[in-house]
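A quick write-up on the structure given underneath.
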Amino acid sequence: MAESELAALHRRRFLKGMVVAGGASITAPAAAQSRTPEKPNGNASPPTAAARANEREHPPEVDRLTTEKSGSDFMVDVCKTLNLDYIASCPGSTFRGLQESFINYGQNKRPEWLTCLHEEVSVGMAHGYAKVAGKPMAAMVHGTVGTQHAAMAIYNAYCDRVPVIIFTGNAGALNERRPGVEWFHSVQDGAATVRDFVKWDDSPMSLQHFAESTVRGYALACAQPPGPVFIVADTKLQEDPLDEREQRRLKIPRLVTPSQPIGDANAVREAAKMLVAAEAPVIIADRYARSQAAMDQLVRLAELLQAPVVDNRSRMNMPNTHYLCQSERAGGLIASADCILSLEPVDLYGQLNAMRDQLERTEISKAKAGVKVITISTRDLLVHSNYQGFQRYVSADINITADAQTTLPFLIEAVQREISSGGKNSIAMRGEKMREAYDGFAERARAEAVLAWDTTPISSARMYMELWEQLKQEDWALVSDGDFSSRWPHRLWPLEKHYRFIGGSGGYGVGYQPTAALGAALAHRDAGGRVVVGITGDGEFNMAPHTLWTAAHHGIPYLTIIQNNRAYHQEVMHVQRMANRHNRGLRNVHIGTTIDNPNIDYAKIAQAYGAVGIGPISDPNDLSEAFRKGIAAVKAGQPALVDVVMQPR
Amino acid sequence: MKLMILAFAGLTLAVGPACAQQASAPAGNVENGKTLYVQTGCYQCHGYAGQGAPMTGPRVSRTEFPFEGFLFQLRHPVSQMPPYQATILSDQDAADLYAYLRQMPAPRDPKSIPLLKAGR
């Protein structure tokens, strides 16, 4: 045996001895490895040829303590091919290998690691980000317990059809798990908790498998209808050394952005005929527009037909500054429509029918008999059985399974052909009626806004218009749903660009608002520093107040306004309904529904997390100054919060 | 039930000038009506000023319903509103509420509020 081989064998013995001797060698493995092995005792006999041969055939077990390259490094290589700018995470040991590789090997760039204080924030943030950025970011959640924390946010993203790339870790093989905690955090099937409400999941068995599943997952997440995907990264795969030979064998597939499904040409042509022939067509838009171009296309179609558009506000679909945006008289339009075109509907049945929430549940149709219904949607391409977000079934006259945004240019072309071949005088007349109706919307909204203008608690109308006064000169974006505050932004603010508004949660899982606002604000920051405002109820904010710490830590500026009605107000009304139904009076409906006694000081909470905190504001005359300060802080790069004590809605 | 709904719908359509309806209403105690408006949770859906909200309940401030229509709506709501039976809101309570709603202050002219000139 050559001397060098002998020396190597002795070094292995020495290192093993160091591991047995104590932890010091573990904390400084590199130094230990570099030491010169002790020389053999001079009195000892040199090993015999037989002993050497035996040692070569049966080398003593020696722990390898360090490696320059691990499987998780390759996983980072995979992620870097995917146009992921961020990965949000609350730390967890099941992905410690990946985390270390992202921040060191990956140099914490593209993706950059963002620290969140709860897994629901990591995923909710990614949800809001994707709706503004138009591409997914990643979230990394701890195995089992972190996945459970993240579940509601994943469900919201699934219901809202938003792409999110979620990774978790799992110690799969029992001999790889440390006794105790690691067993509690290990599972047979890491995605089982969320499988019902992700678009796809996988638990790769090798690094090559990880590469293909991750690229496939990204592509699937972005294909219409989009949705969250969930990839389980085995801890052994993450932490095992990756030698050069194995690495050379690994291939990362090229990501190919899929084209989106377009409606069948015959069906589109029939739809155009039906729309042009209609006397009272109505267009309903739900999760339709993903871009400004899509909004422009909708305007084009509406103008061609002079058809009113009912924007259900799931996305920013139709500029409310256009006279054909007629959402405010949705009920009347649907009642008189003879043809309805529904683009990416969320609940078309509920739009066409009403069910009374009384002891006896009676139903009535809101549409007239014989109305023709056309749907263009990808909703049938993503239906799971257990969770019932797919809503009741509607028998459409023409059901086009396709991406509405991609199909609309073809429908416009077909409508143009149909109009030019047949001609319709009634189309222009219809437009005049729409203009007349539109002119009354803002006037009516103003007349309603004054009714509680000077009251305390402060009315939502007053709050929104005081805010608008401070915001109107900025390039602004609203990243919250207006439905729980009387839709004032849609009634009184001009929403004319796609990035002004992003819709709501999708699944109505409470906690979306502050978390999605954080992610949306991040995307707006990167897009050029728009002034971002999110209005959230106090109940909802309490699900994730620490979003403000993440915002402060990572320099994500936006203004949070707490619509503080000191209650889970929707639940107040539900319990009140039950008390009325049972004739038991209303004395106790506050039990379990209100958030007072003591009142929560949200400004102090904001300050404690490193944000600017203002309030509570109880006098409507103090709003102006509070908002001015809040917006100034945001423009200076800080997250800020204004707590406004308000009426229920 | 359908007939009752239709009857009520007809009643609401037949509403005449506010002052004419007030004449047929029983005398009500405005102060007690104000207390009841909060105690019985009216404000939860209709707002403290009776201004209403699109998703929860319409404006009730200075209601122009005749008292009979108002009472019918309380007892047998035509819409999503929870029913208020006499055991939890007597006819006199209803009259007090009605009196309170009727005398709510007239809203300001929107044109007198500069902030409302902005917006869309």
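To test your reading of the geometry: what angle, between 0 and 90 degrees and rounded to tens, separates the Cα axis of helix A:512-528 from the longest principal axis of chain A?
Tilt of helix A:512-528: around 80 degrees.
Between helix A:292-305 and chain A, what is the angle of the helix's C-alpha long axis to the longest principal axis, kept within 0 to 90° and rounded to the nearest 10?
Once rounded, one gets 30 degrees.
Averaged over its residues, how many other protein chain Cβ atoms are within 10 Å of peptide A:568-579's Cβ atoms? Don't skip to the answer; put the middle values down first.
On the way: counts 0, 3, 2, 0, 3, 7, 1, 1, 6, 6, 1, 3.
For peptide A:568-579, the averaged partner shielding equals 3.
I need the Kirkwood Rh of region A:323-438: take the reciprocal of the average 1/r across all distinct C-alpha pairs and report it in angstrom. Numbers along the way, then the final one.
Working: mean 1/r = 0.0607 Å⁻¹.
16.5 Å is the Kirkwood radius here.
In sequence order, what are the phi-derived ³J(HN,Hα) couplings for region A:113-122 according to the Karplus relation 6.51 cos²θ - 1.76 cosθ + 1.60 with θ = phi - 60°, rounded to whole Hz, with x for glycine and proline?
7, 10, 8, 10, 9, 6, 5, 4, 5, 4
Looking only at the protein assembly as shown, where both bridge partners belong to it, what percent of the DSSP beta bridges are antiparallel (to the nearest 5)? Walk me through the numbers on the way to the answer.
Working: 6 of 65 bridges.
For the protein assembly as shown, the DSSP antiparallel bridge percentage is about 10.
Going 7 Å from the Cα of A:GLU61 toward and past its Cβ, which residues in region A:149-190 have a backbone nitrogen under 14 Å from where you end up?
Under cut-off, by backbone N: A:175-176.
At a temperature of 4 °C and a viscosity of 1.567 mPa s, determine how fast chain A diffuses translationally according to Stokes-Einstein, using the Kirkwood radius over alpha-carbon pairs as Rh; express D in µm²/s, rounded to the nearest whole number. Intermediate results must be reported in sequence, preceding the final value.
Values: Rh = 27.8 Å.
So the translational diffusion coefficient is about 47 µm²/s.
In straight Cα distance, which lysines are under 25 Å from A:LYS368, not counting same-chain residues fewer than 8 positions off?
A:LYS273, A:LYS424, A:LYS433, B:LYS2
Counting helices only, and only those DSSP H runs with n ≥ 4, report the 222 nm mean residue ellipticity of the protein assembly as shown as the sum of -39,500 (n - 2.57) divided by its residues, in deg cm²/dmol to the nearest 500. Present the calculation step by step, with values, prior to reporting the outcome.
Details: 32 runs with 328 residues, N = 769.
Result for the protein assembly as shown: -12500 deg cm²/dmol, rounded to the nearest 500.
Around A:ILE595, which amide H atoms from residues at least 5 apart in sequence, or from another chain, sit under 5 Å from its own amide H, with H modelled in the peptide plane?
HN-HN under 5 Å from A:ILE595: A:ALA567, A:TYR568.
Using modelled amide H (1.01 Å from N, peptide plane; none on Pro or chain starts), what sits under 5 Å from the amide H of A:GLY613, excluding residues fewer than 5 places away?
Distant-sequence amide H within range of A:GLY613: A:GLN607, A:LEU641.
So how strong a dipole does the protein assembly as shown carry about its Cα centre when Lys and Arg Cβ are +1 and Asp and Glu Cβ are -1, to the nearest 20 debye?
Its charge dipole is roughly 580 debye.
If the cut-off is 16 Å between C-alpha atoms, which lysines fall inside it for A:LYS472, apart from same-chain ones fewer than 8 positions away?
A:LYS497, A:LYS629, A:LYS635, B:LYS117
Measure off 7 Å from each Cα along the Cα-to-Cβ vector at A:GLU363 and A:GLU443, then give the distance between these two points in nanometres to one decimal.
Calculated label separation equals 3.9 nm.
What FRET efficiency comes out for A:GLU182 versus A:SER618 if R0 is 41 angstrom and r is the Cβ-Cβ distance? Round to the nearest 0.05. Provide the component values of the computation, followed by the final result.
Details: r = 51 Å, r/R0 = 1.25.
Efficiency, from the Cβ-Cβ distance: 0.20.
Once you keep just the Cα pairs under 8 angstrom separated by 6 or more residues, what percentage relative contact order results for chain A? Provide the component values of the computation, followed by the final result.
On the way: 1264 pairs, mean separation 79.0, N = 649.
The normalised contact order for chain A reaches 12 percent.
Spelling out what I want: for every residue of region A:94-110, take phi, set θ = phi - 60°, compute 6.51 cos²θ - 1.76 cosθ + 1.60 (Karplus), and round to whole Hz; glycine and proline get x.
Here the 3J(HN,Hα) series is 5, 10, 4, x, 5, 4, 5, 5, 4, 7, 9, 4, x, 6, 6, 10, 5 Hz.
Would you mind working out the magnitude of the charge dipole of region B:23-115 relative to its Cα centre, with +1 at each Lys and Arg C-beta and -1 at each Asp and Glu C-beta, to the nearest 20 Debye?
Numbers: 7 positive and 7 negative charges, 69 e Å.
About 320 debye.
Largest first and to the nearest Å, give the Cα extent of region A:67-139 along each principal axis.
Between the extreme Cα coordinates on each principal axis of region A:67-139 lie 39, 25, 15 Å.
Through the Karplus equation 6.51 cos²θ - 1.76 cosθ + 1.60, θ set to phi - 60°, convert the phi angles of region A:627-635 into ³J(HN,Hα) values in whole Hz; use x for Gly and Pro.
Per-residue couplings from phi come out as 5, 4, 5, x, 5, 4, 5, 4, 5 Hz.
Which shape class, rounded, prolate or oblate, goes with region A:92-200 when its Cα gyration tensor gives a ≥ b ≥ c as root eigenvalues, a/c under 1.5 marks rounded, and past that a/b bigger than b/c marks prolate? Please report the intermediate quantities before stating the final value.
Values: a/c = 2.30, a/b = 1.30, b/c = 1.77.
Cα axes put region A:92-200 in the oblate bin.
Around A:ALA88, which amide H atoms from residues at least 5 apart in sequence, or from another chain, sit under 5 Å from its own amide H, with H modelled in the peptide plane?
A:LEU114, A:ALA138, A:ALA139, A:MET140
Could you state the angle between the C-alpha long axis of helix A:71-80 and the longest principal axis of the C-alpha atoms of chain A, as a value from 0 to 90 degrees rounded to the nearest 10?
Result, in degrees: 30.
So how far apart, in nm, are the two label points at B:GLN80 and A:ARG245 if each is 7 Å from Cα heading toward Cβ?
Each label point is offset 7 Å from its Cα along the Cβ direction, giving 6.8 nm.
How far apart, in nm, are the 7 Å Cα→Cβ label points at B:ALA106 and A:ASP296?
Here the modelled spin labels are 4.9 nm apart.
Each reported figure results from applying straightforward, stated rules to the coordinates on display, with no laboratory input. From a predicted model like this one, the values you see are computed outputs, not experimental measurements. Cβ: placed from backbone, ideal geometry, glycine included. Neighbour counts: every protein chain shown.
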